[in-house]
Amino acid sequence: MKTQVSTTINNEPVEFLCQPNESLLEVLRNTLSLTGAKEGCNNGNCGACSVILNGVLVNSCCVLAVETEGASVTTIEGIAPKSGGLHPIQQAFLENAALQCGICTPGFIMASKALLDKNPHPTEHEVRYWLAGNLCRCTGYDKIVKAVLAVAG
Amino acid sequence: MYIAFMQAFDYVNATTIEQAVAVMYREGDMAKPLAGGTDIIVQLREGRKNAKVVVNVKNIPRLAGLDWAPGGALTIGAATPMHLIYGNAPIAAAFPGLMDAFSLVGGTAIQGRASLGGNLCTASPAGDTIPALIAHNAVCVIAGTSGWREVEVEKFCVSPGRNALQRGELLVEIRIPANATGAQKFGAAYLRFIPRNEMDIAVASAGVSVVLEGGKIVKARVALGAVGPTPIVAIEAEKALIGAAVDDAKAVAAAMAAASTAATPISDMRGTLAQRKHLAGIMTKRALESAISRAN
């Protein structure tokens, strides 16, 4: 039986219907057409589906959509200013060429945002440690770390 | 059209222990408690476990949160996620030997959801929190349809993936006794061996605690991870340390040998039997050194 869930996604009230066995990632992508979060491993290892749930970085593949009743979710679609342009982390990823194929990028940017929201001036070690749950098979990570450090200033 | 791979189940958002326990008694093994979901959701999706009902237990007040006053015992609600535990600065400072383990369960996004109770209930032979909890003499507080009971963490895991919970029982909280005070100094540490720097499963691990008094070890706990079907208490290693001076190299060597002997590992893709037995001793020594330095 489908359940009605009332939640807030990217600062907008959103209601959706879902089965109890649908993950937040499936509802974001398939029901709400928010396809920024990616399905990589679907088991919590790769971080491609990272979103921020009630201020905490999570893998949306490991969250049931029904659990988000009353919750606030931020996805990659919600971080750029509404007035236009990019979020500073998105801009830094472009300027530092911190992406190649792009599949991992939304997850890395959400994870980086969660880090910088909590710790605006992390060390390189802290950036690498924090991002250890996000996998990238293209860049070798250095450019991603450089981009995050560029935002941190 | 996307095909949802996860099996169908009903969802109950429990708000009281009685409600959760009633559902879990009614459905038995086909009811699965959900806290952080980082194990159970994956297991259900991959068909490694089956459920008719998933019971969300993290909105039950007693399962979510921490109870501690300086110098006192620490109670951790079973559904409390790792990041809220190690992110609590006073608690982290008082129990560094627990934080060693809690801060390395998965990556950041896992730690945002994964609960202490979940790591215990998953009962992985390599579960990082378990040897650390054993070293701290932690106790599981369990609610059931016929009353409440307490089980020491060292008796909670019964085989790989199996815990001591019976039909209709729910792990409510984990209690860690207050650290020794006065002339007695408590110290603990957890260390694991992994081939990477981060985000891996232990090849072998050790949680060690000591109580020091007058330069001697008066109490010791040595718990080993990933070297047997469940975490192992190395009793002979503990005996080798009790009564020894903190700088007694012979006692440390005896404890290392006893830990290696106590280890009953298998060879698998993470390591061979011989390497793991060797590492059980090495991890014991290193965790012991760290525990002693924290006790001083």
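Where a number appears in this text, it was derived from the coordinates with a stated rule and is not lab data. As the structure is a computational prediction, the values presented were derived from the model and not from experiment. Note that each Cβ is placed from the backbone with ideal geometry, even for glycine, and that neighbours are counted across all protein chains shown.
Peptide B:189-202 has a mean of 1 when you count, residue by residue, the C-beta atoms of other protein chains within 10 Å of its C-beta. As an exercise, use a Förster radius of 51 Å and the Cβ-Cβ distance of A:His121 and A:Cys101 to find the FRET efficiency, rounded to the nearest 0.05. It comes out at approximately 0.95. Restricting the chymotrypsin sites (Phe, Trp or Tyr not before Pro) of segment B:1-51 to loop positions (DSSP other than H, G, I, E, B) with no more than 11 neighbouring Cβ atoms within 10 Å leaves B:Tyr2. By the count of other C-beta atoms within 10 Å, a proxy for reagent exposure, B:Ile40, A:Ile103, B:Ile60 are ordered fewest to most as A:Ile103, B:Ile40, B:Ile60.
Ranking of B:Arg162, B:Arg175 by neighbouring Cβ atoms within 10 Å, starting from the fewest: B:Arg162, B:Arg175.
All other residues whose Cβ lies under 14 angstrom from that of B:Ile217 are scored, Lys and Arg at +1 and Asp and Glu at -1, for a net of +3.
Can you bin segment A:79-153 into rounded, prolate or oblate? Criterion: square roots of the alpha carbon gyration tensor eigenvalues sorted a ≥ b ≥ c, rounded for a/c under 1.5, prolate for a/b above b/c, oblate for the rest. The shape class here is oblate.
Projecting label points 7 angstrom from Cα along Cα→Cβ for B:Asp248 and A:Asn30 puts them 6.3 nm apart. Ranked by the mean number of other Cβ atoms within 10 Å of their residues, highest first, the peptides A:11-18, A:24-31 fall in the order A:24-31, A:11-18. Computed from Cα positions, the angle between helix A:142-152 and the longest principal axis of chain A comes to roughly 90 degrees. Over all other residues within a Cβ to Cβ distance under 13 Å of A:Ile9, the charged ones net out to -3, with Lys and Arg as +1 and Asp and Glu as -1.
Short to long, the 5 Å bins of the Cα pair-distance histogram for segment B:63-176 hold 2, 12, 24, 27, 20, 10, 4, 1 percent of all pairs. Expressed in Å, the radius of gyration and Dmax of the Cα atoms of segment B:10-56 are 10.2, 30. Fully extending the segment from B:Arg48 to B:Asn137, taken as 0.36 nm per residue of separation minus the present Cα-Cα distance, adds 28.9 nm.
Scalar couplings 3J(HN,Hα) for segment B:270-286, obtained by applying the Karplus form with A = 6.51, B = -1.76, C = 1.60 to θ = phi - 60°, are 8, x, 8, 4, 5, 4, 5, 5, 4, 5, 4, x, 5, 5, 4, 4, 5 Hz; x denotes Gly and Pro. With the convex hull of the Cα atoms taken as the outline of the protein assembly as shown, the averaged projected area works out to 22.1 nm².
With the simple model of a label 7 Å out from the Cα in the direction of the Cβ, B:Thr16 to A:Leu86 spans 5.4 nm. What is the local net charge at A:Arg29, summed over the other residues whose Cβ is closer than 15 Å to its Cβ (Lys, Arg +1; Asp, Glu -1)? That works out to -3. Volume of the convex hull of chain B (Cα atoms only), normalised per residue: 131 Å³.
Exposure proxy for B:Asp29, B:Asp39: other Cβ atoms within 10 Å of each Cβ, ordered fewest to most, give B:Asp29, B:Asp39. What separates the Cα centres of segment A:1-31 and segment B:19-88 is a distance of 22 Å. Spin-label model, B:Gln275 to B:Lys239: label points 7 Å out along the Cα-to-beta-carbon direction sit 3.2 nm apart.
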